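Report on the structure given below.
The values are calculated or read from the model by the stated rules, or taken from the named source; none is laboratory data. The structure displayed is predicted, hence computed values, not measured ones. Don't worry about glycine lacking a Cβ; one is built from the backbone with ideal geometry, like all the others, and counts go over all protein chains shown.
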Amino acid sequence: MKFFLDFFPIAIFVGVYVLSGDENPMYPAVIALMLGTIVQNIGTRLLTGKFEKLHLWTLAITLVFGGMTLFFKNSTFIFWKASIVLWVMAAVFLIRQHLMGKIILQEMFSKAFDEEISAPKSVWQKLNHSWAFSYVVIGFVNLYIAYNFSEAFWVQFKLFGLMGLNILLLIFTMTKIYPYLPLEEEQDEKNQNDTNAEPNPTREILPVTESAKED
């Protein structure tokens with residue numbers, strides 16, 4: 001559900017762009033993106049009981065650059081919006097790690113597994129740097145595609161390209177933390193249940209030997 005909310009605004013943006021019969025589909029798509037980002041924040045609040053700061057920042061940037069796109073009738077603003085969001089995310093990853101001593105990636109995966117993942121701190125730090133660096137690079141790739149390919153191609157990249165790159169980052173991260181995942185949890189619970197099981201109340205009746213009879 002969380003993954004769906006993360007990509008809901010982009011999905012609704014692309015859907016409206018493709019299905020809209022408007023002469024210039026970018027503008028109704030931008031409106032849909034702005035509304036979708038609002039829905040994303042509301043949905044996250046209902047699902048987790050709180051707003052995510054990163055989603056709120058994304059909402060603010062979307063409203064500003066989306067509003068400028070509609071006001072000036074210029075798609076350039078929405079092109080830059082995608083890259084700015086990625087660069088803000090990269091900055092947050094690095095700032096929280098180096099100034100606050102907190103690793104966002106570790107928090108994200110611990111919440112996903114509902115348990116602290118005991119990977120070494122050095123592993124989390126390298127992964128956190130990898131995500132930040134990847135987002136910076138993807139931000140520049142986004143602008144390259146926006147200025148060198150058609151608008152329709154850029155819209156497709158915004159959905160499938162960004163989602164695909166995020167999935168690759170997730171797969172890469174899973175390969176690194178897999179050895180530290182609590183995979184033995186179910187077996188441990190089973191062993192614990194066996195240990196706590198009540199003993200059989202039926203006592204074995206031993207045969208009476210001849211010597212016992214004599215006694």
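Side notes on the structure shown:
- Pairs with Cβ under 8 Å, 6+ apart, first in region 116-132 and in contact (Cβ under 8 Å) with a residue 24 or more places away in the chain and more than 10 Å from ILE177 (Cβ to Cβ), second in a loop (DSSP other than H, G, I, E, B) and not acidic (Asp, Glu): GLN125/ILE103; ASN128/ILE103
- Of all residues making up region 154-169, the number that are aliphatic (A, V, I, L, M) and touching a residue at least 60 places away in the same chain (Cβ under 8 Å): 4
- Enumeration of residues in region 11-29 that are part of a helix (DSSP H, G or I), small (Gly, Ala, Ser) and either surrounded by fewer than 19 Cβ atoms within 10 Å (Cβ to Cβ) or in contact with a His (Cβ under 9 Å, 6 or more places away or on another chain) (or both): ALA11, GLY15
- Subset tally (residues that are of a type in the set (A, V, I, L, M, F, W, C), at pLDDT below 85 and surrounded by 11 or more Cβ atoms within 10 Å (Cβ to Cβ)) for region 157-204: 4
Conditions tested, residue by residue: (1) in a loop (DSSP other than H, G, I, E, B); (2) in contact with a Ser or Thr (Cβ under 7 Å, 6 or more places away or on another chain); (3) farther than 28 Å from TRP154 by Cβ; (4) of a type outside the set (Lys, Arg).
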site: ARG45; (1), (2), (3), (4): no, no, yes, no
site: THR58; (1), (2), (3), (4): no, yes, no, yes
site: LEU63; (1), (2), (3), (4): no, no, no, yes
site: MET68; (1), (2), (3), (4): no, no, no, yes
site: PHE71; (1), (2), (3), (4): no, no, no, yes
site: ASN74; (1), (2), (3), (4): yes, no, no, yes
site: ALA90; (1), (2), (3), (4): no, no, no, yes
